[in-house]
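Enquirer: Could you have a look at this structure, given as C-alpha coordinates, before my questions?
The values are calculated or read from the model by the stated rules, or taken from the named source; none is laboratory data. Treat the numbers as computed from the prediction; the structure is a model and nothing was measured. All Cβ positions, glycine included, derive from the backbone under ideal geometry; neighbour counts span all protein chains shown. Accessible surface areas use protein heavy atoms only, side chains included; no ligands, DNA or RNA. Shrake-Rupley method; radii C 1.70, N 1.55, O 1.52, S 1.80 Å.
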Amino acid sequence: MKFATPDELVRELGSRLRTQRLASRVTQRELAQRAGVALGAVKKLESDGNTTLQTFVRVVQALSLTGDIEDILVLKPHASIAEMERAAAAPRQRARRPALPR
(Lines give C-alpha, C1' and ligand atoms only; values in the text may rest on other atoms or scores of the structure.)
Protein backbone atom coordinates (compact mmCIF):
# COMPACT_ATOMS: atom_id res chain seq x y z
CA MET A 1 0.00 0.00 0.00
CA LYS A 2 1.78 3.16 -1.24
CA PHE A 3 0.29 6.60 -0.89
CA ALA A 4 1.59 9.94 -2.08
CA THR A 5 -0.12 11.98 0.61
CA PRO A 6 -1.49 11.53 4.13
CA ASP A 7 -4.95 12.39 2.77
CA GLU A 8 -4.80 9.41 0.40
CA LEU A 9 -3.82 7.14 3.27
CA VAL A 10 -6.60 8.26 5.61
CA ARG A 11 -9.19 7.98 2.83
CA GLU A 12 -8.05 4.42 2.13
CA LEU A 13 -8.14 3.50 5.82
CA GLY A 14 -11.68 4.85 6.09
CA SER A 15 -12.71 2.93 2.99
CA ARG A 16 -11.21 -0.30 4.30
CA LEU A 17 -12.95 0.09 7.64
CA ARG A 18 -16.22 0.58 5.76
CA THR A 19 -15.54 -2.61 3.79
CA GLN A 20 -14.86 -4.49 7.03
CA ARG A 21 -18.06 -3.14 8.59
CA LEU A 22 -20.13 -4.20 5.60
CA ALA A 23 -18.51 -7.64 5.56
CA SER A 24 -19.48 -7.97 9.23
CA ARG A 25 -23.06 -6.95 8.35
CA VAL A 26 -23.02 -4.11 10.86
CA THR A 27 -24.81 -0.82 10.26
CA GLN A 28 -23.09 2.49 10.84
CA ARG A 29 -25.44 3.12 13.75
CA GLU A 30 -24.59 -0.25 15.36
CA LEU A 31 -20.87 0.36 14.88
CA ALA A 32 -21.15 3.80 16.46
CA GLN A 33 -22.94 2.29 19.47
CA ARG A 34 -20.40 -0.54 19.84
CA ALA A 35 -17.48 1.88 19.53
CA GLY A 36 -19.02 4.48 21.83
CA VAL A 37 -18.74 7.24 19.23
CA ALA A 38 -21.23 9.46 17.46
CA LEU A 39 -22.89 8.21 14.27
CA GLY A 40 -21.52 11.26 12.47
CA ALA A 41 -17.99 10.26 13.48
CA VAL A 42 -18.40 6.85 11.81
CA LYS A 43 -19.89 8.44 8.69
CA LYS A 44 -17.03 10.94 8.46
CA LEU A 45 -14.41 8.24 9.05
CA GLU A 46 -15.83 6.09 6.25
CA SER A 47 -16.36 8.94 3.80
CA ASP A 48 -13.04 10.80 3.99
CA GLY A 49 -10.99 9.09 6.69
CA ASN A 50 -10.73 12.22 8.83
CA THR A 51 -11.18 11.38 12.48
CA THR A 52 -9.39 11.48 15.78
CA LEU A 53 -6.99 8.71 16.67
CA GLN A 54 -9.27 7.88 19.60
CA THR A 55 -12.25 7.34 17.28
CA PHE A 56 -10.16 5.30 14.86
CA VAL A 57 -8.99 2.99 17.65
CA ARG A 58 -12.50 2.61 19.07
CA VAL A 59 -13.87 1.65 15.65
CA VAL A 60 -11.01 -0.80 15.04
CA GLN A 61 -11.71 -2.40 18.43
CA ALA A 62 -15.46 -2.55 17.77
CA LEU A 63 -14.78 -4.36 14.49
CA SER A 64 -12.37 -6.77 16.27
CA LEU A 65 -9.46 -5.67 14.07
CA THR A 66 -7.01 -4.80 16.82
CA GLY A 67 -4.80 -7.80 16.05
CA ASP A 68 -4.50 -6.71 12.42
CA ILE A 69 -2.82 -3.43 13.33
CA GLU A 70 -0.39 -4.79 15.93
CA ASP A 71 2.35 -5.15 13.29
CA ILE A 72 2.66 -1.38 12.94
CA LEU A 73 3.36 -1.14 16.65
CA VAL A 74 6.31 -3.57 16.65
CA LEU A 75 9.68 -1.89 17.03
CA LYS A 76 11.71 -2.68 13.95
CA PRO A 77 15.47 -3.07 14.34
CA HIS A 78 17.54 -0.31 12.81
CA ALA A 79 21.27 -0.22 12.27
CA SER A 80 23.22 2.27 14.30
CA ILE A 81 25.24 4.96 12.55
CA ALA A 82 28.44 3.09 13.43
CA GLU A 83 27.07 -0.11 11.83
CA MET A 84 26.11 1.77 8.66
CA GLU A 85 29.59 3.35 8.48
CA ARG A 86 31.27 -0.06 8.88
CA ALA A 87 29.10 -1.54 6.15
CA ALA A 88 29.92 1.35 3.82
CA ALA A 89 33.65 1.03 4.51
CA ALA A 90 33.78 -2.74 3.96
CA PRO A 91 36.02 -3.65 1.02
CA ARG A 92 34.13 -4.62 -2.09
CA GLN A 93 34.92 -7.91 -3.72
CA ARG A 94 34.86 -8.51 -7.43
CA ALA A 95 33.18 -11.55 -8.83
CA ARG A 96 35.39 -13.97 -10.68
CA ARG A 97 34.86 -14.38 -14.36
CA PRO A 98 33.97 -17.89 -15.40
CA ALA A 99 36.82 -19.77 -17.01
CA LEU A 100 36.61 -19.99 -20.76
CA PRO A 101 36.42 -23.51 -22.20
CA ARG A 102 39.66 -24.59 -23.91
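Enquirer: Taking region 69-102, which residues are within 18 Å of the chain's Cα centre (by Cα) and open to solvent by less than 100 Å² (accessible area, probe 1.4 Å)?
Expert: Passing the criteria: Ile69, Val74.
Enquirer: Pull up region 62-87, narrow it to residues that are modelled with pLDDT under 75 and among the small types (Gly, Ala, Ser), then point me to the one that is farthest from Leu22 (Cα to Cα).
Expert: Only one residue tops the list, namely Ala87.
Enquirer: Could you please let me know if Leu13 is part of a helix (DSSP H, G or I), surrounded by 13 or more Cβ atoms within 10 Å (Cβ to Cβ) and not hydroxyl-bearing (Ser, Thr, Tyr)? Explain how you work it out, then say what you get.
Expert: Details: part of a helix (DSSP H, G or I): yes; surrounded by 13 or more Cβ atoms within 10 Å (Cβ to Cβ): yes; not hydroxyl-bearing (Ser, Thr, Tyr): yes.
Judged against the criteria, Leu13 is a match.
Enquirer: Do the conditions hold for Arg25, that is, is it open to solvent by 60 Å² or more (accessible area, probe 1.4 Å), over 20 Å from the mean Cα position of the chain (by Cα) and not polar (S, T, N, Q)? Step through it out loud before you land on a result.
Expert: Values: open to solvent by 60 Å² or more (accessible area, probe 1.4 Å): yes; over 20 Å from the mean Cα position of the chain (by Cα): yes; not polar (S, T, N, Q): yes.
Answer is yes for this residue.
Enquirer: Also: Looking at Ala35 and the list (1) within 14 Å of Leu63 (Cβ to Cβ); (2) surrounded by fewer than 16 Cβ atoms within 10 Å (Cβ to Cβ), which single condition is not satisfied?
Expert: So Ala35 meets the others, but not (2).
Enquirer: Here's another thing I want to ask about it. Does region 39-61 contain any residue that is in a loop (DSSP other than H, G, I, E, B), at pLDDT below 95, crowded, with 17+ Cβ neighbours inside 10 Å and of a type outside the set (Phe, Trp, Tyr)?
Expert: Checking region 39-61: at least one residue is in a loop (DSSP other than H, G, I, E, B), at pLDDT below 95, crowded, with 17+ Cβ neighbours inside 10 Å and of a type outside the set (Phe, Trp, Tyr).
Enquirer: So, in region 1-10, how many residues would count as being over 10 Å from Leu45 (Cβ atoms) and either assigned to a helix (DSSP H, G or I) or touching a His at 6+ places or on another chain (Cβ under 8 Å) (or both)?
Expert: To start, the set of residues in region 1-10 that are over 10 Å from Leu45 (Cβ atoms) comprises 1-9.
Keeping just the survivors that are either assigned to a helix (DSSP H, G or I) or touching a His at 6+ places or on another chain (Cβ under 8 Å) (or both) gives 6-9.
The qualifying residues number 4.
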